[in-house]
Amino acid sequence: MVWEPTQFRYPRPIRWIAALFGSDVVSFSVAGVRSARWTLGLGPWAPKKIPLPQAGKYALSLKNECVMVDPVARQETIRRFADQAVKRLPTGQAGVHGRIHYSAALLEQVANLVEHPVAILGNFEPAYLDLPKEVLITCLEHHQKFFPVLVPHPNPLPKGEGADRPGEAKLLPFFVGIRNGVSVHQEVVREGYERVLSARLADARFFFNQDRKTALASKVDALKGIMFQQKLGNLFDKKERVKQLLETFSSTMGGFEGLEKAKRVADLCKADLVTDMVREFPELQGIMARLYAKADGENAIVSQALEEQYWPITLTGALPTSDVAALVALADKLDTLAGDFAVGLIPTGSADPYGLRRAAVGVLRILEDRSWNLNLEQLIDQAVRLQPVQHNAEETKAKLLQFFRQRLSAILEERDFKVDEIEAILESGIGVVPDSLARLKSLQGVRSNDQFKSLAASHKRVKNILRQSNMSEPATDRQPQVELLKEEAEQQLFAILQKVQLEVAQHAEHKSYKESLLSMVVLSEPLANFFSKVMVMAEDPTLKTNRIKLMYRVAQVFDTVADFSKLQNG
């Protein structure tokens, strides 16, 4: 917003600026307002200027004028006051002692909306409790910023996306609202809160009843009228692509037992977007699909998957709990990513308006969680080729793979893996995500081995030789000839290499990557001996070519697990 002649943009008009360093004023001007050593308190309760002798007394000075500066302290105060308010519940009405359902996101939001919190206990008509709990909580939390009151379920809720929902807990017809200001005229404020909430709940009941007049499946055709993306078609087109991907993914997996259920989920997964309830309360997308499908008598796995196919909703949120939901989530997210990359909607800098980074992280986390033997590169290729827009498929695929690699690298760095270890594993591509992670953990586990450090240094030398050689023969012809191994050091290396190559392959086949790496360690001494006594780039072109082929076979063994040349400091 622009509020004054300098055209400085800011959400609210700037009335004053207090800026101190120690006891000195930091002098500057913004939007026509000069900095000073005074501030104001909370509205009409503190109308006079408050002098600030020094920065260290800022919080204390404002506390005496109805302003709590520390947001963490405000959250704690809100919790304390809300809990006290709930203790005043009329026992005869509630029948039980309730407790506040705290959403971390709502608590943080409310704490940033008030400076002097006061908790007010309100109620609504018990008749509205026949609405689904999710609908009631959305009305209370998302729209009115009220804290619901409920009876806790005896069993603890699982961690993750659903942990903030009340689960099986019974919702009570009470709420706690937080006002900003001193504790006066509470009855008037409470009546206002209740009146607004009553109107909102009446709307929710009307929308719910309207939606229930027809089955969820009958709403699917209406998706043809909702655009997904101008160049990528409507939501009906999108769900058809998701169904095709499910068929393809199932074939890649060698068959998927829940394919028919997954296809049913794909058919219905966007249908709730045309319902009155989701139009009014978009936060309930997926949740309403689950509720309506369950009411229609759909299979329980299908109903639950209609909500979970959006998971994870956040970067660290809960993952789908069934294979069916996970596969649909995987197909839907990959279709979105492939489509947006195909039309050039690629995130730049910190801007990511379509949540593509979150979608990519979701794909990676699902693949890790399910331990499916699915090659990410193949999945991306299949999703890219289904897009209904003219584009360079190979270029789109390359950009998307790089995008995934960046996301996976960021995830692994947060898990305290070193950058060079990550690069060593991802140099040849992400491949099968669980396998890549298993190789990374194994590499991290043996890296401190002294012989392994020597081996890594030798591998770098092998890679340098191969880069300089520019060998033209196809990979199938790069087998060294035993009769051309003239020096004892190269004969010894070849003999040990044959044994190691077999052991490494056997361990890798069983995903025993640590054992593969330990098998390679015995190459350390013969490689060091080879480099000290044998000239790879010999004058005789026949010997030179044969020795380069030997180096190629050494590199092949190493690359089974990682590209050791990416490791730093040996």
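The values are calculated or read from the model by the stated rules, or taken from the named source; none is laboratory data. Just so it is clear, the structure is predicted and the values come from calculations on it, not from any experiment. Positions of Cβ are generated from backbone atoms using ideal geometry, with glycine treated the same way; all protein chains shown enter the neighbour counts. Calculation scope for accessible area: heavy atoms of the full protein, side chains included, ligands and nucleic acids excluded. Shrake-Rupley method; radii C 1.70, N 1.55, O 1.52, S 1.80 Å.
I'm trying to understand the selection: among the residues of the stretch 21-56, which are part of a strand (DSSP E or B) and surrounded by fewer than 11 Cβ atoms within 10 Å (Cβ to Cβ)? Let's see the steps before the verdict.
Filtering the stretch 21-56 for residues part of a strand (DSSP E or B) gives 21, 24-25, 29-30, 33-36, 38-39, 50-51.
The answer is PHE21, SER29.
Is there any pair with a first residue in the stretch 486-510 that is more than 16 Å from PRO526 (Cβ to Cβ) and a second that is among the β-branched types (Val, Ile, Thr) whose Cβ atoms are under 6 Å apart and which are 6 or more apart or on different chains, and what are they?
Taking only residues 6 or more apart or on different chains, the pairs are ALA508/THR560.
Can you name every residue in the stretch 251-262 that is assigned to a helix (DSSP H, G or I), touching a residue at least 40 places away in the same chain (Cβ under 8 Å) and of a type outside the set (A, V, I, L, M)?
Passing the criteria: THR252, LYS261.
Among all residue pairs at least 6 apart or on different chains, which show Cβ distances below 9 Å where the first residue, located in the stretch 53-70, is in contact (Cβ under 8 Å) with a residue 24 or more places away in the chain and the second is of a type in the set (D, E, K, R) and in a helix (DSSP H, G or I)?
MET68/ARG74
Got at least one residue in the stretch 340-354 being of a type in the set (Phe, Trp, Tyr) and under 19 Å from GLY255 (Cα atoms)?
In the first step, residues of the stretch 340-354 are kept if they are of a type in the set (Phe, Trp, Tyr); the result is 341, 354.
Still in the running and under 19 Å from GLY255 (Cα atoms): none.
No, because not a single residue in the stretch 340-354 is of a type in the set (Phe, Trp, Tyr) and under 19 Å from GLY255 (Cα atoms).
Identify all residues within the stretch 336-389 that are closer than 12 Å to PHE404 by Cβ and touching an Asp or Glu at 6+ places or on another chain (Cβ under 8 Å); write none if there are none.
Result: LEU356, ALA383.
Return the residues of the stretch 376-400 that are aliphatic (A, V, I, L, M), in a helix (DSSP H, G or I) and surrounded by 17 or more Cβ atoms within 10 Å (Cβ to Cβ); say none if nothing qualifies.
Once the filter is applied, which keeps residues that are aliphatic (A, V, I, L, M), in a helix (DSSP H, G or I) and surrounded by 17 or more Cβ atoms within 10 Å (Cβ to Cβ), the stretch 376-400 yields LEU376, LEU379, ILE380, ALA383, VAL384, LEU400.
Of these, LYS270, LYS294, which one is surrounded by fewer than 23 Cβ atoms within 10 Å (Cβ to Cβ) and modelled with pLDDT of 95 or more?
Only one candidate passes the filter, namely LYS294.
Considering only residues of the stretch 416-441 that are farther than 22 Å from ASN373 by Cβ and not in a helix (DSSP H, G or I), which is least open to solvent (accessible area, probe 1.4 Å)?
PHE417
Output the residues belonging to the stretch 506-546 that are closer than 14 Å to ALA489 by Cα and part of a loop (DSSP other than H, G, I, E, B).
Once the filter is applied, which keeps residues that are closer than 14 Å to ALA489 by Cα and part of a loop (DSSP other than H, G, I, E, B), the stretch 506-546 yields VAL534, MET535, VAL536.
I'm trying to understand the selection: among the residues of the stretch 236-260, which are charged (D, E, K, R) and open to solvent by less than 30 Å² (accessible area, probe 1.4 Å)?
Hits for the stretch 236-260 are LYS238, LYS239, ARG241.
If you go through the stretch 88-98 one residue at a time, do you hit one that is in contact with a Ser or Thr (Cβ under 7 Å, 6 or more places away or on another chain), surrounded by fewer than 16 Cβ atoms within 10 Å (Cβ to Cβ) and either closer than 30 Å to ALA127 by Cβ or not aliphatic (A, V, I, L, M) (or both)?
No, the conditions are met nowhere in the stretch 88-98.
Take the residues of the stretch 314-344 that are open to solvent by 10 Å² or more (accessible area, probe 1.4 Å), part of a loop (DSSP other than H, G, I, E, B) and touching a residue at least 40 places away in the same chain (Cβ under 8 Å): which is nearest to LYS263 (Cα to Cα)?
Result: SER322.
Say whether the condition of being free of Cβ contacts under 8 Å to residues at least 40 places away in the same chain and either among the aromatic types (Phe, Trp, Tyr) or in a loop (DSSP other than H, G, I, E, B) (or both) is met by at least one residue in the stretch 288-302.
The answer is yes; a qualifying residue exists.
Test of understanding: among LEU543, LEU502, which residue is touching a Lys or Arg at 6+ places or on another chain (Cβ under 9 Å) and modelled with pLDDT of 90 or more?
LEU543
Restricting attention to the stretch 204-223, does a residue exist that is of a type in the set (Gly, Ala, Ser), open to solvent by less than 40 Å² (accessible area, probe 1.4 Å) and within 21 Å of LYS263 (Cα to Cα)?
no
Which pairs have Cβ atoms under 7 Å, sit 6 or more apart or on different chains, and link a residue in the stretch 363-380 that is under 12 Å from LEU330 (Cα atoms) to one that is hydroxyl-bearing (Ser, Thr, Tyr)?
Close Cβ pairs (under 7 Å, with a partner that is hydroxyl-bearing (Ser, Thr, Tyr)) amount to LEU374/THR252.
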